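Bear in mind that the values in this text are calculations on the coordinates, not laboratory data. Remember, predicted model here, so these are calculated numbers, not experimental data. As a convention, Cβ positions derive from the backbone with ideal geometry for all residues, glycine included, and neighbour counts pool all protein chains shown.
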Amino acid sequence: MSLTPIQKIDIVLSILRDNKPYHRNSLTEKLIEKGIEYTDAELRIALRQANEDGYIYSEPHTGNITITLKGYMFVGYEQQAIDDARNEDRVRKNERWVLRATWAAAIVGFLVLSWYVLIWFCPHPHDCFYRR
């Protein structure tokens, strides 16, 4: 079974959620136990990305990696991508609705303006339109 990089980084975060500090070697061993194929370069990239996003903390002196509160509460990169796509769909639907509502408001505004212009030039419509 081949996993995407996003799924792999989510697995790393799920391992770190048990709140124990891991060194990169012990993390690699844990991944092997779970049957996840991870190259050293992939693991380094995944850890760097999670660190840049603030989801993990790497202690400079010991090299131990722990999860942060932000990382503990994070739903995962894959779920975040799904949520982002869902939000984009909602935004597009809302944009279309706002566009239609704007056009409707513009048309109503034009009709109201036309009515007031008509009243301005012809205050008594009966005299203007019903001459005998």
Amide H partners (placed H, <5 Å) of Asn64, local residues excluded: Glu59
Over the chain: Kirkwood hydrodynamic radius from C-alpha pairwise inverse distances, Å: 19.6
In Å, descending, principal axis extents of the Cα set of region 77-129: 72, 13, 8
In region 1-119, lysine pairs closer than 26 Å at Cα, eight or more apart or cross-chain: 9
FRET E, pair His61, Thr4, Förster distance 30 Å, beta-carbon r, rounded to 0.05: 0.35
Peptides ranked, highest mean first, by Cβ atoms within 10 Å: ranges 101-111, 16-26: 16-26, 101-111
With Cα atoms, 0 to 90° folded angle of helix 77-121 axis to the chain main axis: 10
Between helix 40-52 and the chain: long-axis angle, C-alpha atoms, 0 to 90°, nearest 10: 50
Dipole moment magnitude, nearest 20 debye, the chain about Cα centre, only Lys, Arg, Asp, Glu C-beta charged: 780
Acute angle (nearest 10 degrees) that the helix 24-33 long axis makes with the longest principal axis of the chain, alpha-carbon atoms: 90
Where labels lie 7 Å past Cα in the beta-carbon direction, separation of Gln49 and Arg92 in nm: 2.4
Test item: Cα-centred dipole of region 77-129, Lys/Arg +1 and Asp/Glu -1 on Cβ, debye: 160
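Where does each of Glu52, Glu78 land when they are ranked from fewest to most other beta-carbon atoms within 10 angstrom? Before the final figure, lay out the partial values.
Values: Glu52 9, Glu78 13.
So the ranking, lowest neighbour count to highest, is Glu52, Glu78.
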Rounded, prolate or oblate (a/c below 1.5 giving rounded, otherwise prolate when a/b exceeds b/c) for region 5-73 by Cα gyration tensor: rounded
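Per-residue ellipticity at 222 nm for the chain, helices alone: DSSP H runs ≥ 4 residues times -39500 (n - 2.57), over residue total, nearest 500 deg cm²/dmol? Don't jump to the answer; show the numbers that get you there.
On the way: 6 runs with 90 residues, N = 132.
Here the helix-only value at 222 nm equals -22500 deg cm²/dmol.
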